[in-house]
Amino acid sequence: MIKYFLLLMVCFSTTTIQAQNHEIEATIKLFFEGFHQRDSTKMKTVCSENLVLHSISESEKGSKFSVEKASNFYKSIATIPLSMKFEEKILSYKVQIDGAMAHAWTPYEFYVNDKLSHSGVNSFQLFKENDVWKVVYIIDTRRK
């Protein structure tokens, strides 16, 4: 009887973890839907109003750390020319969760007009607020 109970608990735990992973992936996918549509309003629906953005650019000259204000980021997305085609392809998701905090590691490739511009990894930090996952912090690497 104990074996069946333990098996049931393992199955329940696995299902719960998969559901939360799916919620986090869906949040990030909605973020990128807004990004690709140049729709900062859609992006804001899944982001904290206190979103923090950092980047690490890597080149032959070394690494550069930069900080971007969320308001400038949203404005830059909304003003990308319609003539420019761009796509950030997420290659995979690795999600870790502890209560109301989650981390998603997402390697990516970024294309401009169908040509690879750069690649790297996004690191999303999320907070579950009122049963909704919100992105609170993004740091990414960028390599040519």
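So here's what we get for this one:
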| item | result |
| --- | --- |
| Linear extension gain, Ala100 paired with His36, 0.36 nm per residue minus alpha-carbon span | 20.3 nm |
| Those lysines that a straight Cα-Cα span of less than 25 Å connects to Lys42, excepting residues fewer than 8 apart in one chain | Lys29, Lys69, Lys75, Lys85, Lys89, Lys94, Lys128, Lys134 |
| Within the accessible area of the chain (1.4 Å probe), percent carbon and sulfur | 58 |
| Eligible aspartates and glutamates near Lys61 by straight Cα distance, threshold 20 Å, same-chain separation 8 or greater | Asp140 |
| Rounded accessible area per residue of the chain, 1.4 Å, Å² | 66 |
| Lys29 versus Ser63: modelled label distance in nm, points set 7 Å from Cα along the beta carbon direction | 3.2 |
| Point-to-point label distance, Val112-Ile56, nm (Cα→Cβ direction, 7 Å offset) | 2.3 |
| Cα gyration tensor shape for the chain, rounded if a/c is under 1.5, else prolate or oblate | prolate |
| Pairwise FRET efficiency - Lys85 versus Asn130, Cβ, R0 = 41 Å, nearest 0.05 | 0.65 |
| Heavy-atom accessible area ranking, 1.4 Å probe, most first, across Phe127, Phe86 | Phe127, Phe86 |
| Fraction of the pair-distance distribution of region 49-121 above 17 Å, Cα-Cα pairs, percent | 64 |
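The values are calculated or read from the model by the stated rules, or taken from the named source; none is laboratory data. Computed from a prediction, not measured in an experiment: that's the story for all the values here. Reconstructed Cβ throughout: ideal geometry from the backbone, glycine too, with neighbour counts over all protein chains shown. In case anyone asks, the SASA skips ligands and DNA or RNA and just uses the protein heavy atoms, side chains included. Shrake-Rupley method; radii C 1.70, N 1.55, O 1.52, S 1.80 Å.
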